[in-house]
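*Asks:* Let me begin by handing over the structure; questions about it come next.
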Amino acid sequence: MSRVGITHPVICPHCEKPTLATVRSEAAGGGEMEPPYLLELATCGTCHDPFLMIEEDWGGGWDGEPLVVWPKQQRTLSTNVPEALRREHEEARRCFSSKAYTATAVMVRRTLEGVCLDQGMSTGGRSKPLFKMLEQMKDEGKIDGQLFEWAQELRVLGNQGAHFTFTSVSREDAADGLALAEALLDYLYVFSAQFTAFKARRASKAAESSAHGTPGKDRATSVPDQAGTHGEQKTPRAPSADLDF
């Protein structure tokens, strides 16, 4: 069913005001490695400037909540990040776009708790206090000291948002919370996996070279001397890839 002509309530990326965006044209895409998506070119009902939105189909049809992807929007999280965590973080972004900074902090904390549970930080399937789960992640080597410190600060920020303390969460703190949460997701689900694949590939190549031998390396070659006899001259060795420069 075509979406051209319908309206969506969004925050305009140009005038930053709540508005009804009218879809002017659309194009569908998606494949085996990603869910079906629908790109929608829309115009703001207030300032009339155009922008691009996307809707996704996760099995129940277009979600009806398009995300503005151009202009000046945050990058899309890698699909290596579990879908449930991407949704939590995306909701945190939506809260921030709506200037709901306290709600942003709460969603960041939910994302952080989801990370801990996804990493198996629970007892008998039951959740533990968040600070205990973060300590367990550090003890098991899933996050290092600095990431642990970041995560603890996000937990404290989330607590500030979740409990009434007569103090609201500032825009700056909400923005930093979003950025740190995104960095944590990237570290755990993107960069760690990429580094593991990198090491495995290097180890596989090293094992293959060892099995087949390296032509010319450490082998003696015969060269004629002036007397017509043969002496031995070693081929110079190439610098080792393991040397520290």
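*Asks:* For a quick check of your reading of the model, give me the residue pairs whose first member lies in region 138-150 and is touching a residue at least 12 places away in the same chain (Cβ under 8 Å) and assigned to a helix (DSSP H, G or I), whose second is surrounded by 10 or more Cβ atoms within 10 Å (Cβ to Cβ) and hydrophobic (A, V, I, L, M, F, W, C), with beta-carbon atoms closer than 8 Å and at least 6 apart or on different chains.
*Replies:* L147/L184; F148/L134; F148/M137; W150/L180; W150/A183; W150/L184
*Asks:* Take the residues of region 12-28 that are farther than 29 Å from V81 by Cα, assigned to a strand (DSSP E or B) and not aliphatic (A, V, I, L, M): which is modelled with the lowest pLDDT?
*Replies:* P18
*Asks:* A151: in contact with a Lys or Arg (Cβ under 9 Å, 6 or more places away or on another chain) and open to solvent by less than 40 Å² (accessible area, probe 1.4 Å), yes or no?
*Replies:* The answer is yes for A151.
*Asks:* Checking W70 against (1) open to solvent by 40 Å² or more (accessible area, probe 1.4 Å); (2) free of Cβ contacts under 8 Å to residues at least 60 places away in the same chain; (3) touching a helix residue (DSSP H, G or I) at 6+ places or on another chain (Cβ under 7 Å): exactly one of these is not met. Which one?
*Replies:* (3)
*Asks:* Which members of region 169-193 meet the condition of being assigned to a loop (DSSP other than H, G, I, E, B) and within 12 Å of V106 (Cβ to Cβ)?
*Replies:* V169
*Asks:* Output the number of residues of region 96-121 satisfying the condition of being of a type outside the set (A, V, I, L, M), in contact (Cβ under 8 Å) with a residue 24 or more places away in the chain and assigned to a helix (DSSP H, G or I).
*Replies:* Residues that pass the stated criteria total 10.
*Asks:* Taking region 158-168 as the search range and keeping residues that are under 16 Å from R110 (Cα atoms) and out of contact with any Ser or Thr (no Cβ under 8 Å at 6 or more places or on another chain), which one is surrounded by the fewest Cβ atoms within 10 Å (Cβ to Cβ)?
*Replies:* H163
*Asks:* Here's another thing I want to ask about it. Return a yes/no flag: does region 43-63 have any residue that is of a type in the set (A, V, I, L, M) and open to solvent by 60 Å² or more (accessible area, probe 1.4 Å).
*Replies:* No - not one qualifying residue is present in region 43-63.
The values are calculated or read from the model by the stated rules, or taken from the named source; none is laboratory data. What you see is a predicted model; the values in this text were computed from it and never measured. Heads up, the Cβs are rebuilt from the backbone with ideal geometry, glycines too, and the neighbour counts pull from every protein chain shown. With ligands, DNA and RNA removed, areas are computed over all heavy atoms of the protein, side chains included. Shrake-Rupley method; radii C 1.70, N 1.55, O 1.52, S 1.80 Å.
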